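Enquirer: A single structure is presented below for examination.
All of the numbers you see were taken from the coordinates with simple rules; none came from a lab. Since the structure is predicted, the reported quantities are computational estimates derived from the model, not experimental observations. Neighbour counts are summed over all protein chains in view; Cβ atoms, including those assigned to glycine, are modelled from backbone coordinates with ideal geometry.
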């Protein structure tokens with residue numbers, strides 16, 4: 001029951017986040033960046049299914065995204081994955 005309650009809470013928070021989010025597109029789409037204008041929190045989503053295995057392209061995309069965020073007014077960042085079962089494999 002607690003787990004379901006936490007999932008519902010996350011869903012509400014995520015929906016509110018997406019309503020205030022600005023999305024930044026990258027040419028390769030290995031990394032998706034959304035910045036919430038209200039909270040100034042960035043969400044970086046790795047998009048290399050099925051397991052986000054690290055390669056030079058993904059590392060370069062992450063590095064570029066983080067470099068772009070350094071000059072912004074973001075207070076923090078969340079690194080997440082488009083894959084449901086796996087975060088990262090190296």
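Enquirer: When ranked by the protection proxy of mean other Cβ atoms within 10 Å per residue, highest first, what sequence do the peptides 29-39, 67-77 form?
Expert: Numbers: 29-39: 16.5, 67-77: 11.5.
Most protected by this proxy first, the peptides run 29-39, 67-77.
Enquirer: How would you rank 57-64, 42-49, highest first, on the average number of other Cβ atoms within 10 Å across their residues?
Expert: 42-49, 57-64
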